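S.K.: Quick one: the structure is below, and I'll ask about it shortly.
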Amino acid sequence: MENLLRPVIVVGGSVVLTLLIGWATDLLLRKADARHSETPLWGLLRRARIPYQLMLCAALLRGSYDQAQLLDDHKVGIGRTLTLVLIGSAAWMVIAITAAVVETSYSRYARAHRDPARVRRVRTQVSLIMRVVSAVVGVMAVSAMLLTFPAMRAAGASLLASAGILGIVAGVAAQSTLANLFAGLQIAFGDMVRIGDTVVVDGEWGTVEEITLTFLTVRTWDERRITMPVSYFTSKPFENWSRGTPQMTGIVYLHVDHTAPLDAMREKLRDILRECPAWDGRASGLDVTDTTPNTMEVRALVTAKDADDIWKVRVTVREEMIRWLSREHPYALPRVNTADATPAPGLLPHQSSSSASPDGVPRRAHEPPNSGR
């Protein structure tokens, strides 16, 4: 009977004690979260309750398994398994607690500061710090797990002896990976680009959606995702429309006939902008910037508070101006002239072209005026 009750008491007692301690800890965290509603820390710490209970159970079983006298033939294997579970759950809990603390700090900073650029910068740094912490804790946990095996400890001496050569080989082989790693840290703390920034990369306009230690994802206006190595942003020029002030100036080009009513177009532009909620009212204007034999180029200048609004203002001005011209001044739209050219001053209409016959039919260059046709 004792051989049966001993393992039941040891194993069952460890599980029950783990559940009781876990329930009590979760109850305290919920009460603390309800009492301190100004901070999300206590609610976020509840995410670590699963690795906490797993670590606690593994530690209790690892310390009391010798007293259970269960499966003595597999005692070493079971003990090593419990040790691996203990190390893994401890690493998991450390990452969860760190994430809760970092996310709480970011939330407080976001509430205290109203500058979107500074908030995006801190968000980028926080996300990369969490990735670094997770990677470091994960590597340390895996290393600790491997050292629990005697064969790995025996191989440690030979690995350390060749560490210099292996480091050189690994550095050459992982040169691009290391470059991206340091570029990611440079982006995070150099404030070059942040999560949420509007950028133009290789002619593609989009918003930075994710930044990791090795790659960066840009979400384009048509919902595509462009994934690029972070080293691109430290070695090549790119446009960042969110740097400094988010205010932007936009340009709309229109090609119209030379007879277009410019003063009426300026008045219409002001009317369009007054009814456009995306226009911020800072500046506007309409000027002729170029001319061709058939048309002239008119530039409409508008402003807005950010990149999204400047796009709305530009498309609104372009659409409404073309609609108004086609309805009120159709002659101002570009067209191909097919009428006879206006004769030069001092010439009679029949003298305006030396290559035309009296009946208006063009002659060949070698054909005499009276060829008898």
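S.K.: Run the numbers for Ala34 and Lys305: contour at 0.36 nm per residue of separation, minus the present Cα-Cα distance, in nm.
M.R.: This chain segment gains 93.6 nm when fully extended.
S.K.: Over the Cα atoms of the range 185-327, how large are the radius of gyration and the largest Cα-Cα distance (Dmax), in Å?
M.R.: 18.8, 58
S.K.: Work out the FRET efficiency for Tyr331 and Trp205 from their Cβ-Cβ distance, taking R0 = 25 Å, and round it to the nearest 0.05.
M.R.: Calculated value: 0.10.
S.K.: A follow-up question, please. List the trypsin sites (Lys or Arg not before Pro) within the range 203-234 that DSSP assigns to loop and that have no more than 12 neighbouring Cβ atoms inside 10 Å.
M.R.: Filter output for the range 203-234: Arg224.
S.K.: Further question: Gain in length, Arg224 to Ile251, computed as 0.36 nm per residue apart minus the alpha-carbon separation, to one decimal in nm?
M.R.: Result for the pair: 7.2 nm of gain on full extension.
S.K.: Let me ask something else about it. Taking a quarter of the surface of the convex hull around the Cα atoms of the range 278-333, what do you get in nm²?
M.R.: Dividing the Cα hull surface by four gives the mean projection, 4.4 nm².
S.K.: Mind ranking 106-114, 247-255 by how tightly packed they are, going by the mean number of other C-beta atoms within 10 angstrom, highest first?
M.R.: Packing proxy ranking, top to bottom: 247-255, 106-114.
Each value in this text was obtained by applying a stated rule to the coordinates, not by laboratory testing. Quick caveat: nothing in here was measured; it's all calculated off a predicted structure. As a convention, Cβ positions derive from the backbone with ideal geometry for all residues, glycine included, and neighbour counts pool all protein chains shown.
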